[in-house]
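The values are calculated or read from the model by the stated rules, or taken from the named source; none is laboratory data. Being a predicted model, the structure only gives us computed values, none of them experimental. Backbone-built Cβ (ideal geometry, glycine too); neighbour counts: all protein chains shown. Accessible surface areas use protein heavy atoms only, side chains included; no ligands, DNA or RNA. Shrake-Rupley method; radii C 1.70, N 1.55, O 1.52, S 1.80 Å.
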Amino acid sequence: MKQKLVSRRSILAGSAAAGAMGLIGLPAWAADMDWKKFAGTKLEVILAKGPRGDNLQKYAKEFTDLTGIQVEAEQVPEQQQRQKVVIELASGKPSFDVVHMSYHVQKRQFEKAGWLTDLSPFMKDPALTAPDLVESDFSAAGLQYSKNDKGQMLSLPWSVDYFILYYNKEMFQKKGIEIPKTLEEMMTAAEKLTDPKEGTFGFVGRGLRNANMTLWTNFFLNYGGEFLDAKGNILTDGPEAIEATKLYQRLLTKVAPPGVAGFNWMESMAAFTQGRAAMWIDGVGWAPPLEDPAASRMVGKVGYTIVPAGPKGQFSATYGDGLGVPQAGKNKEAAYLLCQWLVAKAQTGRLLQAGGGVPFRNSVLNDPATRGGVKMPQEWLQSVIDSGKISKLGLPVIIPVAEFRDLVGAALTATLSGADPATELKKAHEQFRPILERSEKT
Amino acid sequence: MSTHLEPVGADAPPGREWRPPSYWPFVIPALVVVLAVIVFPWVFTIWMSLNEWKVGSPTTFVGLANYLRLPQDPRFVEAVGHTLVYTALSVLLPLVFGTFAAVVFNANFAGRGLIRGIFIMPMMATPVAIALVWTMMFHPQLGVLNYLLSLVGIPPQLWVFHPGTVIPSLVLVETWQWTPLVMLIVLGGIAAIPTEPYESAQIDGANHWQMFRYITLPLVMPFLFIAAMIRMIDAVKSFDIIFAITQGGPGSASETINLYLYSVAFSYYDLGYGSAIAVMLFLLVVALAALLLYLRQRATWTEIGAGA
């Protein structure tokens, strides 16, 4: 009893702090469940470096106050984190109790290897789960990512990444150009905004092999493309893919800065923030540095909107990350409590307000108090909400995602130095098909 | 040896019994280390290359299937080509420049020590740090290289951002960093050449080029072979500079065997196939080293110089 009082007090303290940030309302938890049940446990967490990782490390103390569970969290740069996690999980003795995973790269691989604990029984257990955590609160994309084909929840969706269009308001005003609604309009606008003599270009985006796939798939989806047919065959050499590639090629060769073939998001962002590119399509998560007065000259000059429509539709290529508990972990329940706390309103609300991530949970995204505290421009928030409505997974859910991105990505990069889209896609497709077949056959 | 010991008499047999095993305790530590860190990994790599070995799936023995995949894998075939071109250029250029630099630094002039010191500085820096600096210099809009070109009226280049120029650009970095090493080796060789041949050549009226071509070059040839061998082994397995600057791009235009191997093993988690590629890389290094040794053998008449 005494313990419970302490826990309530700390929740009150926590929510008072949260209230200062614009959060209203006491979390509905603490009713039935006992957060203190696993007090004294120590959890190891492996995180990909970024705002989500910062969020946990910054507020881990609040979790410890609430539950008595110690958290040791380590942030590792994304690429290395993915490798480390896979190697440790494959060894059967992971050093971590909670794993931060990239759905768009790792979902199938983790499922097929059976590395993750099924969290569904935990979610049904009122002693372990706060009443507001229900499956239906997660967006469709979130459930697509977290559930396997048997309907088990293998992870909790944490943060979603939508692709949006960033544009330079000043450059558009100067030329009196409307914000494009379709990809063709975008191309025309970009042509008008390009002036190589001045060193300004209409568009910038990822050209670097592998990284470029995330941009291209958004075009592919808007041209009506689907990644897999009913039999699981990959479909990236069809007419939709060729059309999307032609657009990609035109944009990145005619109206983008030279050298774009080597650009990842970082170089693209640099070109955009220096006012050398008028438009940029990438994930929503890059807004905070653009709006940070200490780091950016673009504060207040950036416009945000959804990715323009293609001839066959308008989608926002969607990626995301989640939190899982390894099957081989020792403190599964305690680890689940941490995952649950991280995806709950208080934490994901803070994430959204700082622009460091977008919750998969509708109850957080639609909460007026949470929305009110968002420090990013309202246009940004609107683009997030609108993108959520047209969200579609940006990469095929297969095991060899990395090979797929490398092979098709190399084909795309090749088109930037003049290669023919259809030929290159065909070649990549021929190379990739046997790899996919090999990986899915067993 | 035994014939000497026999006359000593009765004491000898026990000594002989104990002597042979007595060196084992001294050999074992080194043997264990060699077995553990060289032989075992090698045997295990070969074993992995004979299996379908993917992280997260059970392994199955597949014989030579991984090796049979290699010739049909266009990325591997291309990677072999890139490796050969990259290696040839980054052996040849440092050798040419390094020999030239050695001849220059062998001459006596004011401030020679200081300039020599400055010249070998690139060698001391960390390749990844260098690579990051060069990446900035290669930048088509913001890089200093295009600015320098613009001063002499040459239009901006794409350097590492174009498939056609990426390998030469990378070789430029490699050359810049490793010319000093070749210079040091060759300088050592030149210092070991006696002065008499030059004196007699001068009496015979030879010019500088003739002295270099017919005296210096043949006499430092053994040193050049050593330098070429070191450079070759280094260039074939070069990874850091390429990975840090282009990651094998644009597309796969600068993907060498080593980079492809890294992708296969650590991004695609296909350890079996990756091991097969590693074995091929090893064979390539051995083959190239053997070729150089063979060439050196054929040039044995220069051994006079090596003796000096």
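Descriptive notes on the structure:
- Yes/no for A:PRO308 being modelled with pLDDT of 95 or more and not polar (S, T, N, Q): yes
- Residue within region A:262-269 that is touching a helix residue (DSSP H, G or I) at 6+ places or on another chain (Cβ under 8 Å), aliphatic (A, V, I, L, M), in a loop (DSSP other than H, G, I, E, B) and without any contact (Cβ under 8 Å) to a residue 60 or more places away in the chain present: no
- So B:ILE257, is it of a type outside the set (Ser, Thr, Tyr) and open to solvent by 10 Å² or more (accessible area, probe 1.4 Å): no
- Only residues that are facing chain B (nearest Cβ under 9 Å), of a type outside the set (A, V, I, L, M, F, W, C) and open to solvent by 10 Å² or more (accessible area, probe 1.4 Å) were counted in region A:407-421, giving 1.
- Every pair of residues 6+ apart whose Cβ atoms lie under 9 Å, when the first sits in region A:41-67 and is at negative phi and aliphatic (A, V, I, L, M) while the second is part of a strand (DSSP E or B) and open to solvent by 60 Å² or more (accessible area, probe 1.4 Å): A:LEU43/A:GLN70; A:LEU43/A:GLU72; A:VAL45/A:GLU72; A:VAL45/A:GLU74; A:ILE46/A:GLU74; A:LEU47/A:GLU74; A:ALA60/A:GLN70; A:ALA60/A:GLU72
- The listed residue being of a type in the set (Ser, Thr, Tyr) and farther than 26 Å from A:PRO396 by Cα, out of A:SER268, A:SER296, A:SER316: A:SER296
- Residue in region A:202-210 that is of a type in the set (Lys, Arg) and under 30 Å from A:PHE110 (Cα atoms) present: yes
- For region A:270-299, a tally of residues being within 14 Å of chain B (Cβ to nearest Cβ) and either over 22 Å from B:GLN157 (Cα atoms) or surrounded by fewer than 23 Cβ atoms within 10 Å (Cβ to Cβ) (or both) returns 5.
- In the set A:LEU352, A:LEU381, A:LEU395, only one residue is modelled with pLDDT of 90 or more, part of a loop (DSSP other than H, G, I, E, B) and under 16 Å from the mean Cα position of the chain (by Cα); that residue is A:LEU395.
- Selection status of B:THR135, within 23 Å of B:GLU255 (Cα to Cα) and more than 13 Å from chain A (Cβ to nearest Cβ): no
- Taking (1) in a loop (DSSP other than H, G, I, E, B); (2) more than 26 Å from B:GLY251 (Cβ to Cβ) in turn, A:LEU143 satisfies each apart from (1).
- Of all residues in region A:307-318, those that are open to solvent by 10 Å² or more (accessible area, probe 1.4 Å) and touching a strand residue (DSSP E or B) at 6+ places or on another chain (Cβ under 6 Å) total 2.
- Scanning region B:35-87 for residues being part of a helix (DSSP H, G or I), surrounded by fewer than 19 Cβ atoms within 10 Å (Cβ to Cβ), within 14 Å of another protein chain (Cβ to nearest Cβ) and of a type in the set (A, V, I, L, M, F, W, C) gives a total of 4.
- Any hit, region A:236-253, residues being within 14 Å of another protein chain (Cβ to nearest Cβ), open to solvent by 10 Å² or more (accessible area, probe 1.4 Å), under 21 Å from A:LEU416 (Cβ atoms) and under 26 Å from the mean Cα position of the chain (by Cα): yes
- The single condition among (1) closer than 21 Å to B:ALA129 by Cβ; (2) among the polar types (S, T, N, Q); (3) assigned to a helix (DSSP H, G or I) that B:GLN210 does not meet is (1).
- Qualifying positions in region B:138-171 - in contact (Cβ under 8 Å) with a residue 12 or more places away in the chain and more than 13 Å from chain A (Cβ to nearest Cβ): B:ILE167, B:PRO168, B:VAL171
- Test: A:ALA402 is within 14 Å of chain B (Cβ to nearest Cβ), under 26 Å from A:GLY310 (Cβ atoms) and modelled with pLDDT under 95: no
- Residue pairs meeting the criteria (Cβ under 7 Å; at least 6 apart or on separate chains; first within 23 Å of B:ARG213 (Cα to Cα) and of a type in the set (Gly, Ala, Ser), in region B:82-111; second open to solvent by 40 Å² or more (accessible area, probe 1.4 Å) and assigned to a helix (DSSP H, G or I)): B:ALA101/B:PHE119
- Matching option when the condition is closer than 24 Å to A:VAL397 by Cα and either assigned to a loop (DSSP other than H, G, I, E, B) or open to solvent by less than 10 Å² (accessible area, probe 1.4 Å) (or both), among A:LEU47, A:LEU43, A:LEU128, A:LEU56: A:LEU47
- On the stretch given as region A:102-121, residues that are surrounded by 23 or more Cβ atoms within 10 Å (Cβ to Cβ) and within 13 Å of another protein chain (Cβ to nearest Cβ) total 6.
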